[in-house]
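So the structure is just underneath, and the comments pick up after that.
What follows draws every value from the coordinates through simple rules; no lab data is involved. Just so it is clear, the model here is predicted, and its values are computed rather than measured. No Cβ is skipped: glycine too gets one built from the backbone with ideal geometry, and neighbour counts run over all protein chains shown.
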Amino acid sequence: MESLQVEQLADFVAHDAQALLLDVREAWEVQVARIALPGARSLHIPMNEVSARLAEIDPAQSVVCICHHGARSAQVVAFLHRQGCQRVYNLAGGLDAWSLRVDPTVPRY
């Protein structure tokens, strides 16, 4: 499984305009905190809905899966690989690492 460190995310998105940030957290978590990158395309699909909403994800694009700490998003990355998505990445450490190491204005929970 390929992972991106939180420090790499902004550059990754800047070099791949079609990259999708797929937030697989629950709705209440997204309301508390989120990653905001100018120009980034993002989509919120809770982990338990990904299989039912698979048609919303283009298998040809780069997808960076995001959750709170990286465990749920790692499971979604593995699932998407099995579904034929080739360029899928797990955001190592998730939103919590983003808040600690990149943007301390993002609330931790």
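Miscellaneous remarks
- Tilt relative to the chain, helix 71-82 - C-alpha long axis, 0 to 90 degrees, to 10: 20 degrees
- In the chain, helical runs assigned H by DSSP with n ≥ 4 each contribute -39500 (n - 2.57); averaged across all residues and rounded to the nearest 500, the mean residue ellipticity at 222 nm is -8000 deg cm²/dmol.
- Once both labels are positioned 7 Å from their Cα atoms along Cα-to-Cβ, the gap between Ala14 and Asp58 label points is 2.2 nm.
- Among the trypsin sites (Lys or Arg not before Pro) found in region 24-87, those both in a DSSP coil and sparsely packed, with 13 or fewer other Cβ atoms within 10 Å of their Cβ, are Arg53.
- Geometric descriptor of region 2-62, per residue, is 101 Å³ (volume of the convex hull of the Cα atoms).
- Here the simple spin-label model places points 7 Å from the Cα toward Cβ, and for Glu26 and Leu100 these points are separated by 2.2 nm.
- Karplus-derived 3J(HN,Hα) values for region 4-20, using 6.51 cos²θ - 1.76 cosθ + 1.60 with θ = phi - 60°, are 10, 7, 4, 5, 8, 4, 4, 5, 4, 5, 5, 8, 9, 4, 8, 4, 10 Hz; glycine and proline are entered as x.
- Average projected area [Cα convex hull, the chain], square nanometres: 6.0 nm²
- Interchain or long-range residues, amide H under 5 Å from Tyr89's placed H: Val63, Val64, Cys65
- Per-residue 3J(HN,Hα) values for region 55-68, derived from phi via the Karplus relation 6.51 cos²θ - 1.76 cosθ + 1.60 with θ = phi - 60°, read 4, 7, 10, 6, x, 8, 8, 6, 10, 10, 8, 10, 9, 6 Hz in sequence order (x marks Gly and Pro).
- In this structure the amide hydrogen of Arg41, modeled in the peptide plane, comes within under 5 Å of the amide hydrogens of Leu21, none closer than 5 places in sequence on its chain.
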